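See below for the structure under consideration.
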Amino acid sequence: MDENQSDIEIVPDEESDAVNSLDPAVRIQKLKDDLKKSRDERGDYLAGWQRAKADLINYKKDEGKRLEEFARFATGDLIGDITQVLDSFDLALKHAMPKDVEQGIILIRSQLEDTLKRRGLEIISALGQPFDPSRHESVGEAESDGPEGMVSEELQKGYSLNGKVIRPARVKITKKQ
């Protein structure tokens with residue numbers, strides 16, 4: 001036996017023996033049928049692979065959006081706690097103090113508020129607005145000549161973070177005299 005030859009014997013299967021013994025026209029038709037079947041299978045596999053690839057791409061996009069959304073609102077509790085510090089600054093500014101101390105407090109408060117605004121914090125405007133239970137919390141009523149159901153007094157500022165209310169504004173609303 002030659003060095004390049006293998007010890008493996010190639011044994012034709014029964015189907016190929018049957019095909020080889022057929023008339024050449026029948027053999028050609030059988031080969032065409034096999035080729036068509038192979039092309040159809042290839043198309044099915046390709047379509048399945050393309051669907052799986054599209055599903056993966058969509059999953060990555062959806063997961064990225066979900067994580068981004070989670071990151072935006074994960075800090076909501078922390079920012080909610082920091083808004084209490086803004087309230088403390090407002091309370092301090094209502095009392096008499098030296099002018100330079102007052103200016104320092106105003107500066108620190110505005111820096112803190114600007115930082116929070118860059119993170120998506122918004123102050124809920126209430127005064128003079130119609131009462132909105134999704135953005136305002138009524139803690140009382142005040143008699144007025146104006147239209148009923150309007151916010152007449154803001155007792156505590158409300159805040160929203162990226163469009164989601166993290167603390168409603170505490171307000172008094174108008175009622176008819």
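The values are calculated or read from the model by the stated rules, or taken from the named source; none is laboratory data. A quick note: this is a predicted structure, and the numbers were derived from the prediction, not measured. Neighbour counts are summed over all protein chains in view; Cβ atoms, including those assigned to glycine, are modelled from backbone coordinates with ideal geometry.
Table: residues versus (1) of a type in the set (S, T, Y); (2) without any contact (Cβ under 8 Å) to a residue 24 or more places away in the chain; (3) surrounded by 12 or more Cβ atoms within 10 Å (Cβ to Cβ).
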residue	(1), (2), (3)
Q111	no, yes, no
D114	no, yes, no
G120	no, no, yes
Q129	no, yes, yes
R135	no, no, yes
E141	no, no, yes
K157	no, no, yes
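Taking into account only those residues within the range 128-150 that are under 28 Å from R72 (Cβ atoms) and either more than 30 Å from the chain's Cα centre (by Cα) or acidic (D, E) (or both), which is modelled with the highest pLDDT? Residue satisfying both the conditions and the ranking: E137.
Run D100 past the list (1) in contact with a Phe, Trp or Tyr (Cβ under 9 Å, 6 or more places away or on another chain); (2) part of a helix (DSSP H, G or I) and report the number of the one that doesn't hold. Just one mismatch for D100, condition (1).
Just one of the listed residues (P147, P133, P168) is in contact with a Lys or Arg (Cβ under 8 Å, 6 or more places away or on another chain) and not acidic (D, E), and it is P168. Here S88 meets each of (1) surrounded by 10 or more Cβ atoms within 10 Å (Cβ to Cβ); (2) over 28 Å from I173 (Cβ atoms) with one exception, condition (2). If you go through the range 62-97 and keep only what is of a type outside the set (G, A, S), over 18 Å from D114 (Cβ atoms), in contact with a helix residue (DSSP H, G or I) (Cβ under 9 Å, 6 or more places away or on another chain) and part of a helix (DSSP H, G or I), you end up with nothing. Here the range 94-120 is the region considered, the condition is being hydrophobic (A, V, I, L, M, F, W, C) and modelled with pLDDT of 90 or more, and the residue that is farthest from K157 (Cα to Cα) is V101. Out of all the residues in the range 83-93, is one or more in the same structural domain as I123 (by TED's automatic domain parsing) and farther than 22 Å from K157 by Cα? No, the conditions are met nowhere in the range 83-93. Taking the numbered list (1) closer than 16 Å to S160 by Cβ; (2) modelled with pLDDT of 90 or more in turn, S125 passes all entries but (2).
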